Amino acid sequence: MSTPTPPDWRSANRALWDERVPLHVAGDFYDLEGFRAGAEALRDFELAEVGDVTGKTLLHLQCHIGTDTMSWARHGAARVVGLDFSGPAVRAARELAAEIGLSPERADFVEADMYDAPAAVPDEAYDIVYTGVGALCWLPDIERWARTAASLLAPGGFLYLAEFHPLTDVLDDETGTRVVRDYFARGAQVEEAPGTYADLGAQTVDNRSVEWQHPLGDVVSALASAGLRLEFLHEHDASLFPRFASFERSADGYYRFPDTHARIPLMYSLRASKP
Ligand SMILES: C[S@@+](CC[C@H](N)C(=O)[O-])C[C@H]1O[C@@H](n2cnc3c(N)ncnc32)[C@H](O)[C@@H]1O
């Protein structure tokens, strides 16, 4: 249900994420054993679109347990910093970094709210600011997000964002063929749901979430207002998880509608640079 922002939005969301971190660390979804052994955590389109990161500095906003953050270091970034407001997530990321031999100089992790990032991160600016899927829906103010991210970019640097497409939020969960929710609903969406995308049946107690839907136009306009120049905006016909009951898993590991379903964008990615 779309409502005014509840005053406890941050503490409710943080409690939810804090509880889910140990489930993600122990479960198969993030496959930490494979990650420790060198498995790739990033998606192929992200690697292609971000390009060569050798020698660059990279800040990952809302880094969760840091697998994506550390993967950029494995691809040659000189220094990566991950930021997340969940203490357990940051501690898990630090432990993982130590286990795979990344020193705090190479991979540093900071516990802070995204909006407080400029005061919390150890460096003034970064060559790349990266944000991965499932992040923007936890933030109430997309213009403030864009201003904050832009302020952390070095001149000539770029922001790279990969996200689920907001069009998928408006369709019915079973077939994805009917529009059942408002694309332009900008109020807080408060829900109570146990489990996690990484373990749907997990028993959890901190189940209250407060999320926001951000129309694509709002995201792009916010980046433009923050002084960034859009280099590309790609829409993808594939998703990372079975968002709709009718999705089928393709040979490339992504999920898509069956061929009988007209295609719509399921994820998007963009790059925006600081002049
Ligand atoms: C779905 S996860 C991101 C997933 C990430 N792309 C990955 O696959 O590892 C969302 C993350 O955002 C963090 N988060 C949510 N709201 C936040 C906020 N206001 N400030 C900082 N981090 C936040 C959560 O703690 C969680 O780790």
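The values are calculated or read from the model by the stated rules, or taken from the named source; none is laboratory data. All values reported here derive from a predicted model rather than from experimental measurement. Reconstructed Cβ throughout: ideal geometry from the backbone, glycine too, with neighbour counts over all protein chains shown.
Among the residues of the stretch 178-201, what is the count of those that are part of a strand (DSSP E or B), in contact (Cβ under 8 Å) with a residue 24 or more places away in the chain and hydrophobic (A, V, I, L, M, F, W, C)?
Within the stretch 178-201, residues that are part of a strand (DSSP E or B), in contact (Cβ under 8 Å) with a residue 24 or more places away in the chain and hydrophobic (A, V, I, L, M, F, W, C) number 2.
Which numbered condition trips up Ser209, out of (1) within 16 Å of the ligand (Cβ to nearest atom); (2) part of a loop (DSSP other than H, G, I, E, B)?
(2)
Tell me which residues, restricted to the stretch 212-230, are assigned to a strand (DSSP E or B) and not charged (D, E, K, R).
Leu230
State yes or no: is Ala117 buried (at least 19 other Cβ atoms within 10 Å of the Cβ), more than 12 Å from the ligand (Cβ to nearest atom) and either basic (Lys, Arg) or in contact (Cβ under 8 Å) with a residue 24 or more places away in the chain (or both)?
For Ala117, the condition - buried (at least 19 other Cβ atoms within 10 Å of the Cβ), more than 12 Å from the ligand (Cβ to nearest atom) and either basic (Lys, Arg) or in contact (Cβ under 8 Å) with a residue 24 or more places away in the chain (or both) - is not met.
Please verify whether the stretch 68-83 includes one or more residues that are crowded, with 23+ Cβ neighbours inside 10 Å, within 12 Å of the ligand (Cβ to nearest atom) and either modelled with pLDDT under 95 or farther than 23 Å from Gly157 by Cβ (or both).
No, the stretch 68-83 has no match at all.
Among the candidates Ala150, Ala154, Ala135, which residue alone is surrounded by 15 or more Cβ atoms within 10 Å (Cβ to Cβ) and within 12 Å of the ligand (Cβ to nearest atom)?
Values: Ala150 fails: within 12 Å of the ligand (Cβ to nearest atom); Ala154 fails: within 12 Å of the ligand (Cβ to nearest atom).
Result: Ala135 is the single residue among Ala150, Ala154, Ala135 that is surrounded by 15 or more Cβ atoms within 10 Å (Cβ to Cβ) and within 12 Å of the ligand (Cβ to nearest atom).
Hey, can you tell me all the residues within the stretch 57-67 that are buried (at least 23 other Cβ atoms within 10 Å of the Cβ), more than 8 Å from the ligand (Cβ to nearest atom) and not hydrophobic (A, V, I, L, M, F, W, C)?
His60
Which one of these is out of contact with any helix residue (DSSP H, G or I) (no Cβ under 9 Å at 6 or more places or on another chain) and either within 22 Å of His24 (Cα to Cα) or among the charged types (D, E, K, R) (or both): Asp84, Asp113, Asp127, Asp108?
Of the residues listed, the single one that is out of contact with any helix residue (DSSP H, G or I) (no Cβ under 9 Å at 6 or more places or on another chain) and either within 22 Å of His24 (Cα to Cα) or among the charged types (D, E, K, R) (or both) is Asp127.
Residue by residue through the stretch 232-261, note down the ones that are surrounded by fewer than 19 Cβ atoms within 10 Å (Cβ to Cβ), over 24 Å from Ala41 (Cβ atoms) and touching a residue at least 60 places away in the same chain (Cβ under 8 Å).
Within the stretch 232-261, Ala245, Ser246, His261 qualify.
Please state which one of Thr148, Thr168, Thr175 is hydroxyl-bearing (Ser, Thr, Tyr), assigned to a loop (DSSP other than H, G, I, E, B), touching a residue at least 12 places away in the same chain (Cβ under 8 Å) and out of contact with any strand residue (DSSP E or B) (no Cβ under 7 Å at 6 or more places or on another chain).
Thr175
Suppose we filter the stretch 85-102 for residues that are among the basic types (Lys, Arg) and either at pLDDT below 95 or within 22 Å of Ala149 (Cβ to Cβ) (or both); how many remain?
Total satisfying the criteria: 0.
Here's the yes/no breakdown for (1) within 26 Å of Ala146 (Cα to Cα); (2) under 19 Å from the mean Cα position of the chain (by Cα); (3) aromatic (Phe, Trp, Tyr):
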position: Pro22; (1), (2), (3): no, yes, no
position: Glu33; (1), (2), (3): no, no, no
position: Glu40; (1), (2), (3): no, yes, no
position: Gly55; (1), (2), (3): yes, no, no
position: Thr67; (1), (2), (3): yes, yes, no
position: Ala73; (1), (2), (3): yes, yes, no
position: Pro104; (1), (2), (3): no, no, no
position: Asp113; (1), (2), (3): yes, yes, no
position: Asp116; (1), (2), (3): yes, yes, no
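Go through the stretch 157-185 and report how many residues are surrounded by fewer than 18 Cβ atoms within 10 Å (Cβ to Cβ) and within 23 Å of Asp116 (Cβ to Cβ).
0
For a quick check of your reading of the model, give me the residue pairs whose first member lies in the stretch 68-86 and is more than 17 Å from Gly51 (Cβ to Cβ), whose second is in a strand (DSSP E or B) and near the ligand (Cβ under 8 Å from one of its atoms), with beta-carbon atoms closer than 6 Å and at least 6 apart or on different chains.
Leu83/Leu61
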